[in-house]
Amino acid sequence: MIEHARPFDLAADRCGPSSSPIIRIASRGLAPLIQIIGLYVFFHGHYSPGGGFQGGVLLAASIILLRMGLGFANTQTVMPSGWTVPLGAVGGLIYIGTGFFAVLCGGNFLDYGVFPMPWLDPPHLHSYGILFIEVGVTLTVMSTLVAIFDHLLDG
Amino acid sequence: MLEIIKGYYAYFFLVAVFCIGLFGMMVKRNLMKKVMGMSMVQSAVILFWIVSAFKDGATVTVLDPARAVEDADLYLNPLPHTLMLTAIVVAVVTLGVSFALLIVIYRRYRTLEEPLLLEKMQ
Amino acid sequence: MKLHQALVLLAFAAVLTMAAMQLPARGDAASPANRVFNTRGEPVAGAHYISHAEKDAATPNMVTVILADYRSFDTLGETLVVFAGGIACLFILRRLKP
C-alpha cells in the first residue's frame, strides 16, 4: 500500500530560521526592496529592459531570500508552498486565455488587434495585450522557481 | 594580428568557456560538477548569441527618439536578445530539474561519485 | 585525465576556434545577419523588427514586442516549458511511503 508522505514537513525541519540576527533582519529589509524592483522591472518592461521573465525571477528571488533567512515554516504566509504549482497553472491559463479571447473576438490566436476596446487604436491594443500575457508569464516564472526551491528543499 | 584580436577576442573567450564546461562534463567524476559544466556550456552558447548581435555604433534595442528607427544600423539586432531571454529562464528550470534528479540519485545510492555509483548499480 | 579525453578536448577547441575565425568580426555592421537585406536579397528579420516594432505595438522596447507580440506563440511554449519543469520537480521529488 503506497501512501503519500505529508508534504513539506522535511523542508520545515531542514530550513529553520537563521541563527544570525544580521541575516534575519537584512533579509526582512531587503525582500520588500527586491519585490518593488521586481514589480518595477515587470511593469516598466515596455519602456526599458525588463518584462515578465525578469520581473518573475526577481519576485521569486525575494521569496527565496525570505525562505532562507527566516525559515521555511515562518514564510508560509508570504507564499504558501501548496499554492506555487496552482499559481503557475493560473499564469499559463491567463496566457492561453488571452490567446483564445482574441479567437473569440474574431481574430487569430494571440492576435491582440481585435480586442473589443474601440477607444484604442490597434497599436495600443497590442501594447495592452503584451501587458496581459506578461502577467501570465510573471506568475508562472515566479511560482515555478519558488516551487522548484521548495521541492528541492523537501527532497 | 591586432585586427583579429580586436574582432574575435569575444569568440575566443567563449570557446574557452565552452571547453572548460566540456572539460567538466567529460573529465570530472562527480555528477554535481558535471551539471556545473553543463551550465557553463549553456552560458557560453547564450553569450555567443548576444555577442553575435552586437553592432559597432549601435545602441540598445529600446527606441531612442534621437535616432531614426528606419536605419537598422543604429540599433542592435533584437532577435538574438529575445531568443536568449527565454533560453536563460529555461536553462534555470532545467538546472532545477537536474538537481532534482541528482537528489533522487543521492537518496537511493548515497553517493554522487560516478565510479562508486557504477559499482553500486551492479 | 586520460589521453583520449585531452585529445578530444583539444580537437574540439581547435574546431571551434577555426569555426569562429570564419564568422564575421564582432560588431561588423555589414554582416549578413545585421543588414536589411541578406546576400540573397531577402529581408532580414532583425531589421524588419527594428523598423516596425514601434509602429505595430506602440511600445519602445523592441525585445518586448518581439517576445510577446511577433513571437508570442513561441513564448507560450517557453512558459509552458517552465511550468512543466516545476511539475517535473514535484513528481521527481515526491516522497512515497513504502
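Filter the stretch C:62-85 for residues that are among the small types (Gly, Ala, Ser) and more than 7 Å from chain B (Cβ to nearest Cβ) and give the result.
C:Ala68, C:Ser72, C:Gly77, C:Ala84
Determine, yes or no, whether B:Leu22 is without any contact (Cβ under 8 Å) to a residue 60 or more places away in the chain, within 29 Å of A:Val146 (Cα to Cα), under 21 Å from the mean Cα position of the chain (by Cα) and not in a loop (DSSP other than H, G, I, E, B).
no
Here's the yes/no breakdown for (1) at pLDDT below 90; (2) under 24 Å from B:Val17 (Cα atoms):
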position	(1), (2)
B:Arg67	yes, no
B:Val93	no, yes
B:Ser98	no, yes
B:Glu119	no, no
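The conditions are (1) more than 8 Å from chain C (Cβ to nearest Cβ); (2) part of a helix (DSSP H, G or I); (3) open to solvent by 40 Å² or more (accessible area, probe 1.4 Å), and B:Ile4 fails exactly one of them. Which is it?
(1)
Return the residue satisfying two criteria in turn: it lies in the stretch A:4-51 and is part of a loop (DSSP other than H, G, I, E, B) and in contact with a Pro (Cβ under 8 Å, 6 or more places away or on another chain), and of such residues it is most open to solvent (accessible area, probe 1.4 Å).
By that ranking, first place goes to A:Tyr47.
Please find, among A:Met68, A:Met117, A:Met142, the residue that is touching a Gly at 6+ places or on another chain (Cβ under 6 Å) and open to solvent by 10 Å² or more (accessible area, probe 1.4 Å).
Exactly one residue qualifies, and that residue is A:Met142.
With respect to the numbered conditions (1) more than 26 Å from C:Tyr70 (Cβ to Cβ); (2) of a type in the set (Val, Ile, Thr); (3) crowded, with 23+ Cβ neighbours inside 10 Å; (4) touching a residue at least 24 places away in the same chain (Cβ under 8 Å), which one is the sole condition not fulfilled by A:Ile133?
Of the numbered conditions (1) more than 26 Å from C:Tyr70 (Cβ to Cβ); (2) of a type in the set (Val, Ile, Thr); (3) crowded, with 23+ Cβ neighbours inside 10 Å; (4) touching a residue at least 24 places away in the same chain (Cβ under 8 Å), the odd one out for A:Ile133 is (1).
Yes or no: B:Thr86 facing chain C (nearest Cβ under 8 Å), touching a helix residue (DSSP H, G or I) at 6+ places or on another chain (Cβ under 7 Å), part of a helix (DSSP H, G or I) and under 16 Å from C:Val63 (Cα atoms)?
yes
Can you confirm whether the stretch C:33-55 contains a residue that is of a type in the set (D, E, K, R) and either more than 8 Å from every other protein chain (Cβ to nearest Cβ) or on the phi > 0 side of the Ramachandran plot (or both)?
Yes, because at least one residue in the stretch C:33-55 is of a type in the set (D, E, K, R) and either more than 8 Å from every other protein chain (Cβ to nearest Cβ) or on the phi > 0 side of the Ramachandran plot (or both).
Being over 16 Å from the mean Cα position of the chain (by Cα) and more than 21 Å from A:Val41 (Cα to Cα) is the filter here; which residues of the stretch C:50-82 pass it?
C:Ile50, C:Ser51, C:His52, C:Lys55, C:Asp56, C:Leu80
Restricting to the stretch C:1-57, what's the tally of residues that are part of a helix (DSSP H, G or I) and either of a type outside the set (Val, Ile, Thr) or buried (at least 16 other Cβ atoms within 10 Å of the Cβ) (or both)?
Summing the residues that are part of a helix (DSSP H, G or I) and either of a type outside the set (Val, Ile, Thr) or buried (at least 16 other Cβ atoms within 10 Å of the Cβ) (or both) in the stretch C:1-57 gives 29.
The values are calculated or read from the model by the stated rules, or taken from the named source; none is laboratory data. Computed from a prediction, not measured in an experiment: that's the story for all the values here. All Cβ positions, even for glycine, are placed from backbone atoms using ideal geometry, and neighbour counts span all protein chains on display. For accessibility, only protein heavy atoms count, side chains too; no ligands or nucleic acids. Shrake-Rupley method; radii C 1.70, N 1.55, O 1.52, S 1.80 Å.
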